[in-house]
Each structure stands twice: as C-alpha cells, then as structure tokens.
1. Go through (1) under 16 Å from Val43 (Cα atoms); (2) open to solvent by less than 60 Å² (accessible area, probe 1.4 Å) one by one and return the number of the condition Ile94 breaks.
2. Suppose we filter Leu82, Leu51 for residues that are farther than 20 Å from Arg22 by Cα and open to solvent by less than 40 Å² (accessible area, probe 1.4 Å); which single one remains?
3. Go through (1) more than 21 Å from Asp32 (Cβ to Cβ); (2) open to solvent by 20 Å² or more (accessible area, probe 1.4 Å); (3) not aliphatic (A, V, I, L, M) one by one and return the number of the condition Glu101 breaks.
4. Name the residue, out of Asp75, Asp37, Asp45, that is open to solvent by 20 Å² or more (accessible area, probe 1.4 Å), within 23 Å of Thr98 (Cβ to Cβ), of a type in the set (Asp, Glu) and touching a Leu at 6+ places or on another chain (Cβ under 8 Å).
5. If you take the residues of region 54-64 that are open to solvent by 40 Å² or more (accessible area, probe 1.4 Å) and assigned to a helix (DSSP H, G or I), which of them is nearest to Ile14 (Cα to Cα)?
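The values are calculated or read from the model by the stated rules, or taken from the named source; none is laboratory data. Bear in mind the structure is a predicted one, so any value in this text is a computation, not a measurement. Cβ placement follows ideal geometry from the backbone for every residue including glycine, while neighbour counts extend to all protein chains displayed. All accessible areas refer to the heavy atoms of the entire protein, side chains included, with ligands and DNA or RNA removed. Shrake-Rupley method; radii C 1.70, N 1.55, O 1.52, S 1.80 Å.
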Amino acid sequence: MTKLQEPNYGNCGIGPATQVPRLRRMWRRLVDASIADKCSIRVFDGNLYSLMDDEGYYENSGNRKLINCLLYTWDGIRNLALKDEKEQGWDARIIERTEEEQEKINHLAQYLDAELMELNAKQKF
C-alpha cells in the first residue's frame, strides 16, 4: 500500500490567492446582477477569501490592512444579501429583497468597489 502524497501549497491554505483583476471582473458581474444570485455570492466569497487563505500573499503583499477592510466590508454585504435565505427556500437561486434592502447593499457595494480598485492599484502579483 502506498501513502498518498499531499500537495505542497507552501503557505497557501487550500490554494493561491485569486488575482485582483479577476476578482474585480467577478465583482462587476455580481453587482450587475444586483448581488442577488446565492451561488455567485458564495463563489465570489471563496475567491475573495483566497486573499487571506494564501498566507504568503496576505503577509507579503503589503496590503494586509486593506485586505482586512475589504473582507469586513464584504462580510456586511454578504450577510445582508443572504439574510432571508432560509425563509425564501434553498431551491431559489435568486434572492428577493425590498428596495430599501437593495439600496443598503448598493451603498456598501460602493465601498467594496473602491477597496478593490485600491488593492488593484497596489497589487504586487
């Protein structure tokens, strides 16, 4: 019997950080869809958190504080976007929300957009 060899990701948790230009493209598509698709929200969440999971990038990019701010902003958006998920049912992919809820999400989205643009300008990939 042979021992399975584990992949060597270095300091990369389960994988490397998603490149910021790709994150920005994903973000624009998510915003264009009103941040309403539950599956897309989760996919973006994983890619965004890859910035922290890749410890080498997180610690050595010079952007640790900005990444923390960006993730804090995203957590607020995600929590608000998915808040009625159980009530609306697991089979519905698109989340319904009130106009007031959408305005709150749009307001927070402006901050995340600015943080992603700043991170893109500072990136050292």
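1. Evaluating Ile94 over (1) under 16 Å from Val43 (Cα atoms); (2) open to solvent by less than 60 Å² (accessible area, probe 1.4 Å) leaves (2) as the failure.
2. Leu82
3. Unmet condition: (1).
4. Step by step, each of Asp75, Asp37, Asp45 is checked, and only Asp37 is open to solvent by 20 Å² or more (accessible area, probe 1.4 Å), within 23 Å of Thr98 (Cβ to Cβ), of a type in the set (Asp, Glu) and touching a Leu at 6+ places or on another chain (Cβ under 8 Å).
5. Glu55
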